[in-house]
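The values are calculated or read from the model by the stated rules, or taken from the named source; none is laboratory data. Because the structure is a prediction, the values reported are computed rather than measured. All Cβ positions, even for glycine, are placed from backbone atoms using ideal geometry, and neighbour counts span all protein chains on display.
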Amino acid sequence: MIPAFTYRRMADIAAWMKLKPHFCDVEEDTLASSAATVRPCINEHTSLIVGVHPIVDLCDIAGLVDLAKETNIPLIFDSVESVYESFDGRKIGCFGAAEVVSLGASKLINGFEGGYVTTNDPTLAERLKALRDFGKQSGKIVVPGGLNARLNEIHATMALAALDGLEEQITQNRERYRAYQRLLAGVKGMRVLEFDENHRPGYKNIVVEVLTAWPLSRDETVRILNAEMILARAYYTPPLHRKEMAYPYVPAELPITDRLAERFILFPCGQLVSTGDISEIVDLLKFMSTNSSSIEARSQQPGYPRT
């Protein structure tokens, strides 16, 4: 059971495990699944619940944990985008049967690639340790299907270096987030998704909702930004239940997910983006808003580039 508003390879991972992806809707105010959106989708074939933290804030941890206990279905969390956050006084990594975190180059902790799994289950921990080392334990093959997934020295060194600068990075992320908040407050029809600062966020991602007051479509807005060399992109479009899949899955009608998939933009962020860059981005948005009529008229002309 996974939300359709998430990482585009998530369903593939389920299929690799010979599971049939079953998509659930998300909450409109969090862009994440919850106990309320997962419960109606559970049936006798449900073998796993995947709670996915969105790239701003957290999913319904408490509700999903209670639902997993009630139904006796294992629960794991995709915590790739929420590695720094806390919930109920505990750091992310303490919940469910396990949590998965990425060390990819675009993540808060950069280990070039790879990732790690956290768990409070000692049996699962021993199994995972064996799986990453060709299935071996004490020199013997104890788990079939093991592979070489050990973190090598170069990756480990990079991840440790990222940890050394983590607090400084988060301080800079917060400054960029505040700049977007402050400057976009003057742009009608654009709303920055806010982090819940009770969770001690890492402020890594900047997601903006395109409201009905904005005069251009989300996709046209992204196209113009990209044409001006601003690396913005539609946030999780298309959602997974609308994506072509070469394996069996459970079809789903997810009206909230479909609606949300047309409304959000991921804006430039990270260490190479300055507050001056953010000011220029917002100035361009103001220009687009002021000149939206002529932009729309030009977009209807033959030969107007669509991509």
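Return yes when VAL100 is out of contact with any His (no Cβ under 6 Å at 6 or more places or on another chain), crowded, with 21+ Cβ neighbours inside 10 Å, within 26 Å of ALA261 (Cβ to Cβ) and hydrophobic (A, V, I, L, M, F, W, C) and no when it is not.
no
Does the range 139-148 contain any residue that is of a type in the set (A, V, I, L, M), touching a Leu at 6+ places or on another chain (Cβ under 6 Å) and farther than 30 Å from ASN173 by Cα?
Within the range 139-148 (the criterion being of a type in the set (A, V, I, L, M), touching a Leu at 6+ places or on another chain (Cβ under 6 Å) and farther than 30 Å from ASN173 by Cα), the answer is yes, since at least one residue qualifies.
Taking interchain pairs and intrachain pairs at least six residues apart, which have beta carbon atoms under 8 angstrom, with the first residue in the range 119-144 and surrounded by fewer than 15 Cβ atoms within 10 Å (Cβ to Cβ) and the second of a type in the set (Ser, Thr, Tyr) and modelled with pLDDT of 90 or more?
From residues that are surrounded by fewer than 15 Cβ atoms within 10 Å (Cβ to Cβ), the pairs are ALA125/THR119.
Residues that are surrounded by fewer than 19 Cβ atoms within 10 Å (Cβ to Cβ), aromatic (Phe, Trp, Tyr) and without any contact (Cβ under 8 Å) to a residue 40 or more places away in the chain: list the helices (runs of 4 or more DSSP H) wholly contained in the range 1-94 that include at least 1 such residues.
10-16
Filter the range 145-160 for residues that are of a type in the set (Gly, Ala, Ser) and exposed (fewer than 12 other Cβ atoms within 10 Å of the Cβ) and give the result.
GLY145
Return the residues of the range 86-116 that are at pLDDT 95 or above and in contact with a helix residue (DSSP H, G or I) (Cβ under 7 Å, 6 or more places away or on another chain); say none if nothing qualifies.
Scanning the range 86-116 gives SER86, PHE87, PHE95, GLY96, ALA97, ALA98.
So which residues in the range 192-238 are of a type outside the set (Phe, Trp, Tyr) and touching a Pro at 6+ places or on another chain (Cβ under 7 Å)?
Scanning the range 192-238 gives ILE230, LEU231, ALA232.
Regarding GLY202, is this residue surrounded by fewer than 14 Cβ atoms within 10 Å (Cβ to Cβ) and in the same structural domain as ARG263 (by TED's automatic domain parsing)?
no
Report the residue count in the range 64-94 for those that are among the small types (Gly, Ala, Ser) and within 18 Å of MET10 (Cα to Cα).
2
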